[in-house]
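Have a look at the structure below before the remarks.
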């Protein structure tokens, strides 16, 4: 298995998380009233979540003949094949739904929700990267 595309996406996740961490010191008011800042956060969340979903699809394609048709299936599929714990896969389902809001329902984005994720959920991206790195290390 060529892990190069997976490693590249792990790097994208790390870059997005680092950019998001730079915004964590902002108050909600500073964040919400600066369009450039909250737009940047939304985009970095979108990119990082998309990279997670892409990695999941690649791994599932490698491990089975059928890749799930939707993002929920990708997240849960990673638990089914033992790459992620089931409870963490459920968190990813929530991330995928958030990504869909950012991409398709951009008029309905709740900045308080974005700010909450900024303050409390960046570790989930790092945990995902850790799980994937551990899985890739087993392949060697």
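Laboratory data are not the source of any read-out in this text; all were calculated from the coordinates shown. Note that the structure is predicted; figures quoted are calculated from it, not measured. When we count neighbours, we look across all protein chains shown, and the Cβ atoms used for this are built from the backbone with ideal geometry, even at glycine.
Principal-axis analysis of the Cα atoms of the chain puts helix 4-21 at an angle of about 20° to the longest axis.
The alpha carbon centroids of region 1-49 and region 98-140 are separated by 9 Å.
Could you work out the helix-only [θ] at 222 nm for the chain, with each DSSP H run of four or more residues adding -39,500 (n - 2.57) and the total divided by the number of residues, to the nearest 500 deg cm²/dmol? One gets -25500 deg cm²/dmol as the mean residue ellipticity at 222 nm.
Largest first, the extents of the alpha carbon coordinates of the chain on the three principal axes equal 47, 27, 24 Å.
Between residue 130 and residue 72, the simple label model (points 7 Å from Cα in the Cβ direction) yields a spacing of 2.8 nm. Under 13 Å from a point placed 7 Å out from the Cα of residue 112 along the Cα-to-Cβ direction: which residues of region 68-102 have their backbone N that close? It comes to no residues whatsoever.
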